[in-house]
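K.L.:
So that we are looking at the same thing, I have put the structure below in structure tokens.
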Amino acid sequence: MTVIDSAEFYENEKILYDLGFDDLEKIRPENLGDVFFPNSQEVYIGKYQNKYIINANELALRLIDPFRVKYQRLVLSTHFPDAEICSMLLNSVTNLWGYSIIKDYNVVRAIVEDLDNPKIVDIGEPTLEEKIVKENNSEFDGEQVVFQVFKKYFGNSLDQMSDKFYETEMMGYKFSGVSKRESIQVKVRKKKWWKRLLFTHSLR
């Protein structure tokens, strides 16, 4: 799940196209609770509490390892200046968990761990949410960290959200792959209002 904490408005297909989703084909909408783990070539997008929610495994993986692929981070930072963009990953079966927080293209925090590979990704300083979990548990619990990060954006942890959240309508699309849009001009703000760098090539 990727959460964009912004009241900015864009057409769903515009966001997804610019992010590089190829051959978008609209499919039926679904409730958010039914598409937490979408099929590999499906993406769902909707809004809850003025926050965009995008569910696509491919996008979350690209943003949660932010130095592996930079293009999607650049696009979202351009479309949503000053917004925090958070991607969360959780798989209890393999004990895989992680999240990233990006703002103005900068990686504020990114961490991914699993049972066999602690610290797959570890960028930035531990957040308040990580410290809360560490203080309140005898063992560090990655699932609880993801729940606390979720609470930061929505007011409650994932397991305490109301039915209204899970019933949020998500527009669905099939896609054939993800690629870079050479024609898209994306801007990175280095000093907020006074300096902009324009990237049109070499985004990976």
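Computed from the coordinates by the stated procedures, all read-outs in this text should not be read as laboratory data. Bear in mind the structure is a predicted one, so any value in this text is a computation, not a measurement. Note that we place each Cβ from the backbone using ideal geometry, even for glycine, and neighbour counts take in every protein chain shown.
K.L.:
Taking the Cα centre as origin and putting +1 on Lys and Arg beta-carbons and -1 on Asp and Glu beta-carbons, what dipole magnitude results for the range 2-199, to the nearest 20 debye? Don't skip to the end; give the middle numbers.
P.N.:
On the way: 27 positive and 32 negative charges, 259 e Å.
The calculation lands at about 1240 debye.
K.L.:
State the Cα centre-to-centre distance between the range 1-60 and the range 125-169 in whole Å.
P.N.:
So the separation of the two Cα centres works out to 21 Å.
K.L.:
To continue, here is another question. Among Gln49, Phe165, Gln72, whose Cα lies farthest out toward the positive end of the dipole of the chain, if unit charges sit on the beta carbon of Lys, Arg (+1) and Asp, Glu (-1)?
P.N.:
Looking along the dipole axis, the top candidate is Gln72.
K.L.:
At a 10 Å Cβ-Cβ cut-off, how would you order Arg28, Arg62, fewest neighbours first?
P.N.:
Details: Arg28 6, Arg62 22.
The most exposed by this proxy come first: Arg28, Arg62.
K.L.:
Using the count of nearby Cβ atoms within 10 Å as a rough guide to exposure, how do Asp18, Asp23 rank from fewest to most? Write down the numbers at each step before the final one.
P.N.:
Details: Asp18 19, Asp23 10.
Placing the least packed residue first, the sequence is Asp23, Asp18.
K.L.:
Filter the GluC sites (Glu not before Pro) in the range 98-171 to those in DSSP coil with at most 15 other Cβ atoms within 10 Å of their Cβ, and list the result. Show your work: numbers first, answer last.
P.N.:
Details: sites: Glu113, Glu129, Glu130, Glu135, Glu139, Glu143, Glu167, Glu169; in loops: Glu139, Glu167.
Of the GluC sites (Glu not before Pro), the ones in loops of the range 98-171 whose Cβ has at most 15 other Cβ atoms within 10 Å are Glu139, Glu167.
K.L.:
Could you list Ser176, Ser40 so that the one with the fewest beta carbons within 10 Å of its beta carbon is first and the one with the most is last?
P.N.:
Ser40, Ser176
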